[in-house]
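Working notes, beginning with the structure itself.
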Number of protein chains: 2
Amino acid sequence: VVDLTDDLRTVYWRGSSIEVLDQSKLPSKVSYIKLKSYEDAAEAIKTMRVRGAPLIGVVAAFALALTALQSRATSVNQLVEELRKVHVVLRSTRPTGRNLFWALDRVLGRAERAENAGELRNAVLAEALKIAEEDVETNLALAKHGSSLIENGDVILTHCNTGLGTVEHGTAIGVIKTSFRQGKKIEVIATETRPQLQGARLTTFELKREGIPFRLITDGMVGFVMAKGMVNKVLVGADRVLKDGTVINKIGTYTIAVLAKKHSIPFYVAAPTSTIDLESNVEDVAIEFRDQNEVLTVKGQRIACEGTEALNPAFDVTPQELVTAIVMETGIAHPPFDVSLRKLVKVSGKSQFQP
Amino acid sequence: VVDLTDDLRTVYWRGSSIEVLDQSKLPSKVSYIKLKSYEDAAEAIKTMRVRGAPLIGVVAAFALALTALQSRATSVNQLVEELRKVHVVLRSTRPTGRNLFWALDRVLGRAERAENAGELRNAVLAEALKIAEEDVETNLALAKHGSSLIENGDVILTHCNTGLGTVEHGTAIGVIKTSFRQGKKIEVIATETRPQLQGARLTTFELKREGIPFRLITDGMVGFVMAKGMVNKVLVGADRVLKDGTVINKIGTYTIAVLAKKHSIPFYVAAPTSTIDLESNVEDVAIEFRDQNEVLTVKGQRIACEGTEALNPAFDVTPQELVTAIVMETGIAHPPFDVSLRKLVKVSGKSQFQP
């Protein structure tokens, strides 16, 4: 995979391991860790050292490749059997985002079509590498489309982190970076995004690195900055987008979308086609609830009274009527989304699930 | 002052000092500090060891009393002159809440009516003690009125901390406590309230102490819990309420109010008459911006990338159309608030500013 951008790369294939940026150490330390087995990969995804829907998909794809390469199985059947078991393990790491399922199904599908064990190993690795490569190209294409929405003088509010959650460049933040590199004078307001603080830790790191002017706010300040007229566009990523345009994204997104509507501020979602799920209904989507200690503590320090119980949904659901447009690598989907999303997914040539 | 409730008391007059609960140490430690001069009091208010609009008013009143008692002045004129200077210092500690101005004006007004220095000293102390005493009575009366709004089975969302921000019992949380003591089966959802985490640190502490079932959420989860139907009432305090019902309260309140409206959830504000400002317009209210380090750090640990700038407005403005009712010690104000607030302030017998 060639470095196509100036962006920090989050994942490298190292032959016998996957090297990933340890996002839990940022912004104080840029360090990489080696994942030497699918178990390592599953653990890194669960603990969010590796995070962001697109990146999770890529790392899971590499974990399947690693499994195939490390296996002593000699037949396609045996190998596919092993991959299916690992597929189940990896699939269960994070239940909400779509890219994980999409990438795993794509690699497993390729394995199932192999004619012998040797070809399977090569093909599975090639597929995983292709998914990683495509992610960068996808983000660059998505960013170019999205930049048509961004104008000189825009102050863009973004939530969570959408850059280091991809292989390179990012989705929502990719649009911001591309617009800035085009010479547009823009500013960003980044929400800190409790409980995991991806906005405070990661988005500030990326914006600083790029030289884009920005300010950080707490999640509760979104209404304030909108009421004061300090924001004129919202741009967020997505972990899954349903066929009608329903957006499942990091907790806090729905709150921002309601406020954006109230203040007539466009609410844009950047989502590669691998995030689009044309099959599920909202009732089918499992919203992940994470360990309540993420809410009860910050950086290992307890903030709440002993005995406190916390809720910790990792995602929320934004209905399509709050979404202005969805930016994809194949173009920009406008309402009615049930038509536009289907069309732009078809253009991508990327099938839904089993390739 | 007699302990009228089982509640933790936040302030005691100790003759030559003001003893206050150090709220910066909670929930890990219940400790009191002695404020021995008006400078100590001003510092404690600025740094938010002492916080909450009603409590700030009480501590400032005691600080004026302390000034009068410590002064060597022998004439009313000299004493009033000194008190006016200190009044200016204390007034500037926190610009947004109304109770501070109300309490300071009330004590200074009493001083100005004194006939000799001895009477002034006695009268000023008596007035400060009365303000503290009245705060508890006011909260109990307010809570009783407010409890008529609370029913069995209610799940009440509250923001920031409204209990330890008073002398005893609290405003919004006072309504919750009184309702719970009446035997109503209720639950609370408390927002953590970044940046200072008053919800996570103080409200959990109070609810736990009282045995009221509750769960903590991050500020970005408000939309989620409302969309899931997990909340059926919102109850918050206020730092200032304007004559038309505009509510100025802790940052994040406006965001909650917009979401409550969207989900048809009643949005109640608990505000003693000392919080009501019948004179100012919203343009006249200075919203305090606090040090950005409060956003960039949590419990002294840096969370954002070096070089990050943060916004830190301490309050926001909720327009009256988002407010269902305002609970006061004299009754419950319903829209139109310009009529109901004025009436209930008049009933209280408490004048607006100069008594």
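The values are calculated or read from the model by the stated rules, or taken from the named source; none is laboratory data. Everything quoted here is computed from the prediction, not taken from an experiment. Every residue, glycine among them, receives a Cβ derived from its backbone with ideal geometry; neighbour counts consider all protein chains shown. Ligands, DNA and RNA are stripped out before the accessible areas are found, and what is left, the full protein with its side chains, is counted by its heavy atoms. Shrake-Rupley method; radii C 1.70, N 1.55, O 1.52, S 1.80 Å.
Per-residue SASA remark: A:E119, around 60 Å² accessible (1.4 Å probe; ligands, DNA and RNA not included). Residue by residue along A:256-269, Cβ atoms of other protein chains within 10 Å of the local Cβ number 2 on average. Taking each DSSP H run with n ≥ 4 as -39500 (n - 2.57) and averaging over every residue of chain B yields -12000 deg cm²/dmol at 222 nm.
Segment B:Q70..B:R302, full-extension length gain: 79.4 nm, with 0.36 nm per residue of separation and the alpha-carbon distance subtracted. In terms of its alpha-carbon gyration tensor, the stretch B:285-354 comes out prolate; a/c meets the 1.5 threshold, and the first ratio a/b outweighs b/c.
Here the stretch A:241-355 is assigned +1 on the Cβ of each Lys and Arg and -1 on the Cβ of each Asp and Glu. Its dipole about the Cα centre then comes out at about 500 debye. Convex hull volume of the Cα atoms of the stretch B:57-116, normalised per residue: 63 Å³.
According to the Kirkwood relation over distinct C-alpha pairs, the hydrodynamic radius of the stretch A:156-219 is 11.4 Å. Its residue count N sets the reference 2.2 N^0.38 Å, and the alpha-carbon radius of gyration of chain B equals 0.96 times that reference. If you take the beta carbon distance between A:K34 and B:K29 as r and set R0 to 45 Å, what does 1/(1 + (r/R0)^6) give as a FRET efficiency, to the nearest 0.05? Rounded to the nearest 0.05, the efficiency is 0.60.
Measuring with a 1.4 angstrom probe and ignoring ligands and nucleic acids, A:R215 comes out at about 70 Å² accessible. Can you check what the net charge comes to around B:E329, using other residues whose Cβ is under 11 Å from the Cβ of B:E329 (Lys, Arg +1; Asp, Glu -1)? With Lys, Arg at +1 and Asp, Glu at -1, the net is -1.
Using heavy atoms of the protein chains and a probe of 1.4 Å, the accessible area assigned to A:K208 is about 100 Å². The alpha-carbon atoms of the stretch B:103-154 define a convex hull whose volume equals 76 cubic angstrom per residue. As a rough guide to protection, the peptides B:15-28, B:232-245 ranked by mean Cβ packing within 10 Å, highest first, stand as B:232-245, B:15-28. Over all residues in A:190-203, what is the mean tally of Cβ atoms on other chains that come within 10 Å of each residue's Cβ? Across the residues of A:190-203, the mean count of other-chain Cβ atoms within 10 Å is 4. About its Cα centre, the dipole of the stretch B:216-273 is roughly 120 debye, where the only charges are +1 on Lys and Arg Cβ and -1 on Asp and Glu Cβ. For the stretch B:240-322, a/c is not less than 1.5, where a ≥ b ≥ c are the root eigenvalues of the C-alpha gyration tensor, and a/b tops b/c. That puts it in the prolate class.
With the simple model of a label 7 Å out from the Cα in the direction of the Cβ, B:S280 to A:R113 spans 6.8 nm.
Bridge orientation summary for chain A: considering DSSP beta bridges with both residues in this region, about 50 percent are antiparallel. Using only side-chain charges placed at the Cβ, +1 for Lys and Arg and -1 for Asp and Glu, the dipole size of the stretch A:110-170 relative to its Cα centre rounds to 100 debye. Which FRET efficiency value, to the nearest 0.05, do you get for A:D6 and A:K144 by plugging their Cβ-Cβ distance into 1/(1 + (r/R0)^6) with R0 = 25 Å? For R0 = 25 Å, the calculated efficiency reads 0.95. Here the scattering of the stretch B:178-299 is modelled by Debye summation over its C-alpha atoms, one equal scatterer each and no solvent; at q = 0.09, 0.10, 0.17, 0.19 Å⁻¹ the log10 of I(q)/I(0) is -0.29, -0.36, -1.04, -1.24. Relative to the longest principal axis of the Cα atoms of chain A, the long axis of helix A:253-262 lies at roughly 30 degrees. Can you tell me the 0 to 90 degree angle between the C-alpha axis of helix B:172-181 and the longest principal axis of chain B, rounded to 10? For helix B:172-181, the angle is close to 70 degrees. Note on the stretch A:1-153: Lys pairs 8 or more places apart or on different chains, Cα atoms under 16 Å apart, count 4. Relative contact order of chain A: 17 percent, from C-alpha pairs under 8 Å at least 6 residues apart in sequence. In this assembly of identical copies, the label point of B:V339 (Cα plus 7 Å along Cα-to-Cβ) is separated from its counterparts by 5.0 nm, sorted shortest first. Annotation: for a label point projected 7 angstrom from Cα along Cα→Cβ of A:Q182, residues of the stretch A:111-151 with backbone N closer than 14 Å are A:140-151.
B:Q301 sits among other residues whose Cβ lies under 12 Å from its own Cβ, and their net charge, with Lys and Arg +1 and Asp and Glu -1, is +4. Scanning residues 5 or more positions from A:A310 or on other chains, those with amide H under 5 Å from its amide H are B:L216, with H placed 1.01 Å from N in the peptide plane.
Against chain B, whose longest principal axis comes from its Cα atoms, helix B:337-348 is set at around 50 degrees.
Pairs of Cα atoms nearer than 8 Å and 6+ residues apart set the relative contact order; for the stretch B:121-199 it is 34 percent. Scaled against the 2.2 N^0.38 Å expected of a compact globular protein of N residues, the Cα radius of gyration of the protein assembly as shown reads 1.07. What separates the B:E43 label point from its copies, with the point 7 Å along Cα to Cβ, is 4.9 nm, written shortest first. Take the Kirkwood radius over Cα pairs of the stretch B:22-135, plug it into Stokes-Einstein at 37 °C and 0.692 mPa s, and you get 234 µm²/s for translational diffusion.
Shortest first, A:E321 label-point distances to identical copies amount to 1.7 nm, with the label point at 7 Å from Cα along Cα→Cβ.
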